[in-house]
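Here is the structure we will look at, set down as structure tokens.
Read-outs throughout are calculated quantities, based only on the coordinates presented, and are distinct from any laboratory measurement. Quantities reported herein were computed from a predicted structural model and do not represent experimental measurements. In this analysis, Cβ positions are derived from the backbone assuming ideal geometry, glycine residues included, and neighbour counts consider all displayed protein chains.
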Amino acid sequence: MDNFKSNWKIFATVLLISLIIISIFPIFLIQIPSEPKTFQTIVIFRDDDIHSMELSLVKVNNVFIDEKVPVTLGVIPFLKNRSLTEDILLIYYLKFLKVLYPNLFEIALHGYTHQSLSGFHVRSEFKGLDYESQYKRIYLGKKILREALNIEPVTFIPPFNTYDNNTVLALKNLGFKVISGGGVFTKFYYGKNQPFTMNGLVHIPDSQFFVKNWKNLSFYSLDFLKKGLKVFIRKN
């Protein structure tokens, strides 16, 4: 009888422990919801067509300095038969920016002569030219920036926001890392209008336009730009 009671107690104890384990174990199988994913919105500012020393350039850059916001400056190396190396004031100013604000200003190569050499997608300096011609133009433009500013640009901004695979190949072979064209163009040519990597380069299409009409140089209102930015952030 004592053995029976003892065995029953052992059985009851084992059963109780088993029930406790069974009741606790599922807790470890429950998937605890992870923290919701967070995304960082990155806004990149581009200021194209820099080719001469102008007061408007200083005023715009002062805004970026005051707000401590970085900006990429697209410099044209050779415009209207005049090389950047001849513009001492602009050279001094750009060097001044790089020395005092190295983390705010990136100097990018904005084409070579900014001429329309092709009718592709309205206009283009590069699209449609053979590889050798494109390589030469980019090489000469990079050479001028190196001589004038003592820099090795890694970002290329094609004039008129258009380019092709020959442009990308030439840029890759000349040490460039980034190309920033037009979102409308990249959607047409590559089927993408958001940043993507292809053929060895990071492509960063533009998404917001400041100039409304290039013929009369009219601009979009500040409210329009703010709304456009909010829509872009919401969709992405």
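Odds and ends about this structure:
- Entries in Lys68/Lys215; Lys80/Lys215; Lys177/Lys230 that, when Cα-Cα distance is taken, lie over 27 Å: Lys68/Lys215; Lys177/Lys230
- Formal net charge of residues neighbouring Pro159 (Cβ-Cβ distance under 11 Å; K, R +1; D, E -1): 0
- Loop-located trypsin sites (Lys or Arg not before Pro) in region 117-222, at most 14 other Cβ atoms within 10 Å (DSSP): Lys177, Lys192, Lys215
- Note, ³J(HN,Hα) from phi for region 229-235, Karplus 6.51, -1.76, 1.60, rounded to Hz, x at Gly and Pro: 5, 5, 5, 4, 5, 5, 6
- A full extension of the chain between Lys235 and Phe96 corresponds to an added length of 46.2 nm, given 0.36 nm per residue minus the alpha carbon distance.
- Each peptide in 201-207, 52-58 gets a packing score, the mean of other Cβ atoms within 10 Å over its residues, and the list from highest to lowest is 201-207, 52-58.
- Efficiency of FRET between Leu169 and Glu86 - r from beta-carbon atoms, R0 22 angstrom, step 0.05: 0.10
- Semi-axes of the equivalent ellipsoid for region 116-197, Cα gyration tensor, largest first, Å: 21, 15, 11
- Taking 0.36 nm per residue of sequence separation and removing the Cα-Cα distance, the Glu152/Lys215 pair yields an extension gain of 19.3 nm.
- Ordering of 158-167, 68-77, 95-104 by packing [mean C-beta count within 10 Å, highest first]: 158-167, 68-77, 95-104
- At an R0 of 41 angstrom, the distance between the Cβ atoms of Phe224 and Leu55 translates into a FRET efficiency of 0.95.
- Distance (nanometres) between label positions extended 7 Å along Cα→Cβ at Lys143 and Gln194: 4.1 nm
- Shape of region 37-169, Cα gyration tensor, a/c cut at 1.5: oblate
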